[in-house]
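Since every read-out is calculated from the coordinates, none of them should be taken as a lab result. Note that the coordinates shown come from a computational prediction; the quantities given were computed from them, not determined experimentally. Neighbour counts run over all protein chains shown; Cβ positions are idealised from the backbone, glycine included.
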Amino acid sequence: MQKDNLELLLKRVQSGEMNTEDALKQLQKLPFTDMGFAMIDNHRAIRVGYPEVIYSEGKTVEQVTAIVEHLSESGVNVLATRATKEMFEAVLSFNPNALYNALGRTITVINSTIKESESYIAIVAAGTSDLPVVEEAYETARILGNRVEKVIDVGVAGIHRLFSKLDVIRGARVVIVVAGMEGALASVVGGLVDKPVIAVPTSVGYGASFGGISALLTMLNSCASGVTVVNIDNGFGAAYSASIINQLK
């Protein structure tokens, strides 16, 4: 249940349009639903503004499908990350409006109108190999109600490409920088903008990158002020935090 739905429910009781018994039946679903294999947090959108997001990796197709169906019944927009094509096809069988981003491995189901923000988030990627993380961040930011601009393949090996996109990057309210290898792009961007920079290290790189640890350490040790860092390949976490910043009143 979202805040708007709860407010509408209370107003209907207040006006006499709905009796308290029927209202209580709807409220019984709060704060969670025990599905046996998962405890669905129905109260999350009321507490923090966004409904629960499904992390699909490690879950079965049947589990993901059941959670998507349950969340959809409440009318919230649904996001599943790290989802497989098989999971998407199972969701699509009962919800033809479901969409799959194969590169970002996300399933989205839009059940209510998204009000897009006036300000935007810029997602800046060092290389094409970073695109899976970029797409996860993009889908997350979009379903949370943000306008998004992507700037792709502007890593430090050809830094002049970045400079040609500075107007777009500087116009954002918050910037997500996605980079693997040595992860230097976050420091470069942090030294060029006056906005918060959220750095995402990716697991892209040869053996000495240690699956993204090299980029992570570079970003954590950035001498550019205003750079914060999320976990390796965590496009979702970066976009969620960026959304909160972008929508601050």
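Note that the chain shows a convex hull volume over its alpha carbon atoms of 137 Å³ per residue. Of ASP22, ASP194, ASP41, which is the most mobile in a GNM of the chain whose springs link Cα atoms less than 10 angstrom apart? For the chain, modelled as a Gaussian network with Cα springs under 10 Å, the answer is ASP22.
Ordering GLY226, ALA157, ILE213 by the projection of their Cα atoms onto the charge dipole of the chain, which places +1 on the Cβ of Lys and Arg and -1 on the Cβ of Asp and Glu, puts GLY226 at the extreme positive end.
Counting only the Cα atoms, the range 210-249 fills a convex hull of 54 Å³ per residue.
Between ALA157 and VAL48, residue separation times 0.36 nm minus the direct Cα-Cα distance comes to 35.2 nm. Sorting ARG105, ARG82 by the number of Cβ atoms found within 10 Å of their own Cβ, with the fewest placed first, yields ARG82, ARG105.
Express in nm, to one decimal, how much length is gained between THR228 and THR20 on full extension, taking 0.36 nm for each residue of separation and deducting their alpha carbon distance. Spell out each step's value before the answer.
Details: separation 208, 0.36 × 208 = 74.88 nm, distance 4.74 nm.
This chain segment gains 70.1 nm when fully extended.
Here the simple spin-label model places points 7 Å from the Cα toward Cβ, and for GLU69 and LYS11 these points are separated by 3.3 nm. Under a model in which nothing but the beta-carbon of Lys, Arg (+1) and Asp, Glu (-1) is charged, the range 50-109 shows a dipole of about 220 debye around its Cα centre. Under a model in which nothing but the beta-carbon of Lys, Arg (+1) and Asp, Glu (-1) is charged, the range 120-246 shows a dipole of about 340 debye around its Cα centre. Centre-to-centre, using Cα atoms only, the range 174-240 and the range 34-63 are separated by 28 Å. Farthest toward the positive end of the dipole of the chain, out of PRO31, ALA122, MET87, is the Cα of ALA122, where the dipole comes from beta carbon charges about the Cα centre.
Please arrange GLU73, GLU182 by counting, for each residue, the other beta carbons lying within 10 Å of its beta carbon, fewest first. Write out the running numbers ahead of the final one.
Working: GLU73 11, GLU182 19.
Fewest to most other Cβ atoms nearby, the residues stand as GLU73, GLU182.
Normalised by residue number, the volume inside the convex hull of the Cα atoms of the range 50-109 is 69 Å³ per residue.
Note on the range 120-246: Rg/Rh from Cα positions, Kirkwood definition for Rh, rounded to two decimals, is 0.92.
Give LYS115/LYS249; LYS195/LYS249; LYS165/LYS249; LYS85/LYS115; LYS59/LYS85; LYS115/LYS150 a once-over and call out the pairs whose C-alpha atoms are over 22 Å from each other.
Numbers: LYS115/LYS249 15 Å; LYS195/LYS249 16 Å; LYS165/LYS249 27 Å; LYS85/LYS115 28 Å; LYS59/LYS85 13 Å; LYS115/LYS150 19 Å.
Cα-Cα > 22 Å for LYS165/LYS249; LYS85/LYS115; rest within.
With neighbours defined as other Cβ atoms within 10 Å of a residue's Cβ, the residues THR140, THR60 order from fewest to most as THR60, THR140.
A Gaussian network model of the chain, with springs between Cα atoms under 10 Å, assigns the largest mean-square fluctuation among PRO132, PRO201, PRO96 to PRO96. Here the spin labels are modelled as points 7 Å beyond Cα on the Cα-Cβ line, and at LYS85 and SER129 they lie 2.3 nm apart.
Dipole check for the chain: with +1 at the C-beta of Lys and Arg, -1 at the C-beta of Asp and Glu, and the Cα centre as origin, the magnitude is about 600 Debye. Amide H contacts under 5 Å for GLU149: ILE121, ALA122, ILE123, restricted to partners 5 or more places along the chain or on a different chain, H placed in the peptide plane at 1.01 Å from N.
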